[in-house]
Amino acid sequence: MEKILVTGGCGFIGSNFIRLTLAAFPEAQIINLDKLTYAGNAHNLTDVASDPRYCFYNGDICDAELVDKIFCDEGINTVVHFAAESHVDRSISSPAAFIQTNVVGTFTLLEAARKAWSGKGEKCRFLHVSTDEVYGSLGEAGLFSELTPYDPRSPYSASKASSDHLVRAYHHTYDLPVLITNCSNNYGPYQFPEKLIPLMINNASHGKELPVYGDGGNIRDWLFVGDHCEALLTVLKRGMIGRTYNIGGDCEKLNIEVVRRICDLIDEMAGPLPSGKRRQDLIRFVEDRFGHDRRYAIDAGRIKSELGWEPSVTFDEGLRMTVKWYLDNRSWYKAILNGSCGPNSEQLFAAL
């Protein structure tokens, strides 16, 4: 892992991964390619921007000429591909961007790697970071394994499923040294505020309503972003080429349970509302979104048994750290809401 191209490195998981990798591998050089769309924030990496091992390109993964140039000029031998449109609500209202970034962008990267790595595949790695949403929705029982048939239910999950299939095809057709990971719901510092946990933290801390889809009974498997990034490094170092690894937190929670716990933590850390009410009183159930998958849950047995990875942060620990980070970093959040570090997306935040 000498020259690592990280796509979407200014996003939530990408920025956490870059920070961890630079700390863990002194010899690593990170080349970050990010288009800086609404969810990409260069301020997420202010603390490493001056590190000589870090280089930033502001560009689009669909730009084949730029991607080829980066592979050639930088001598890329490892790709960690995060860049993606990822919000289900946005994919329902504007699906075209998801096809372009998630499918065409992945194809562009695969083509660049295929050309650049011809004859030296044993020294290279292409890690494609995907999602558990490609598997569809679970009933009350069962877990997603690496053998679960794909059954995507939204334009977002369908675009990610398509990119997964492309990555596998390039391994089988061109012998490209690929690895795929499918992770459960991440949470932690630097997550864009339209997602469930940061949205609820922000609204609750300001005494705003907390909109929850349907009956709040949708279930997700929660994974702290630091644990996810550790798992990705483990897969890069020891994963079997051509293999898929599911990464989960073994932590199923109802959405309403998560929101209530956030309310209690903010009541504890920030004090009660001026009205004296509990923040749980701000919860409002709203009309469910289209195609809302009821339950996701990951079987992470393969990565545990083959590579020795398992999550180290409990949900209670991780959520407490996350709430504290957002309360301590209000200026980061405010810069996103007022548009000073990118497009103003406050009006686009949806109930989750």
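The values are calculated or read from the model by the stated rules, or taken from the named source; none is laboratory data. As the structure is a computational prediction, the values presented were derived from the model and not from experiment. Note that each Cβ is placed from the backbone with ideal geometry, even for glycine, and that neighbours are counted across all protein chains shown. Areas reflect the complete protein model, heavy atoms only, side chains present, ligands, DNA and RNA absent. Shrake-Rupley method; radii C 1.70, N 1.55, O 1.52, S 1.80 Å.
Suppose the filter is in contact with an Asp or Glu (Cβ under 6 Å, 6 or more places away or on another chain), open to solvent by less than 40 Å² (accessible area, probe 1.4 Å) and over 18 Å from Thr181 (Cβ atoms); does Gly8 pass it? For Gly8, the condition - in contact with an Asp or Glu (Cβ under 6 Å, 6 or more places away or on another chain), open to solvent by less than 40 Å² (accessible area, probe 1.4 Å) and over 18 Å from Thr181 (Cβ atoms) - is not met.
Within the stretch 42-55, being in contact (Cβ under 8 Å) with a residue 40 or more places away in the chain and open to solvent by 10 Å² or more (accessible area, probe 1.4 Å) holds for Ala42, His43. With respect to (1) outside any helix (DSSP H, G or I); (2) in contact (Cβ under 8 Å) with a residue 24 or more places away in the chain, the lone exception for Pro272 is condition (2). Within the stretch 112-144, if we keep just the residues that are in contact with a strand residue (DSSP E or B) (Cβ under 8 Å, 6 or more places away or on another chain) and among the acidic types (Asp, Glu), the residue that is least open to solvent (accessible area, probe 1.4 Å) turns out to be Asp132. Of all residues in the stretch 112-139, those that are assigned to a loop (DSSP other than H, G, I, E, B) and over 26 Å from Ser91 (Cα atoms) total 5. Annotation: Ile180 fulfils all but one of (1) touching a residue at least 24 places away in the same chain (Cβ under 8 Å); (2) open to solvent by 10 Å² or more (accessible area, probe 1.4 Å); the unmet one is (2). Filter the stretch 254-270 down to residues that are more than 24 Å from the chain's Cα centre (by Cα) and open to solvent by 20 Å² or more (accessible area, probe 1.4 Å) and give me whichever is nearest to Thr131 (Cα to Cα). Residue satisfying both the conditions and the ranking: Asp264. Quickly run through the stretch 140-183 and pick out the residues that are closer than 18 Å to Val6 by Cα and part of a helix (DSSP H, G or I). Scanning the stretch 140-183 gives Lys160, Ser163, Asp164, Val167. The residue that is least open to solvent (accessible area, probe 1.4 Å), counting only those in the stretch 278-299 that are among the basic types (Lys, Arg), in a loop (DSSP other than H, G, I, E, B) and closer than 23 Å to Asn186 by Cβ, is Arg289.
Among the residues of the stretch 191-210, are any open to solvent by less than 10 Å² (accessible area, probe 1.4 Å) and part of a loop (DSSP other than H, G, I, E, B)? Within the stretch 191-210, one or more residues are open to solvent by less than 10 Å² (accessible area, probe 1.4 Å) and part of a loop (DSSP other than H, G, I, E, B). How many residues does the stretch 65-111 hold that are farther than 28 Å from Thr234 by Cα, outside any loop (DSSP other than H, G, I, E, B) and either open to solvent by 50 Å² or more (accessible area, probe 1.4 Å) or acidic (Asp, Glu) (or both)? Count: 8. Just one of the listed residues (Leu223, Leu176) is under 20 Å from the mean Cα position of the chain (by Cα) and at negative phi, namely Leu223. Please tell me if Thr37 is assigned to a helix (DSSP H, G or I) and of a type in the set (Ser, Thr, Tyr). So Thr37 does not fit the description; no.
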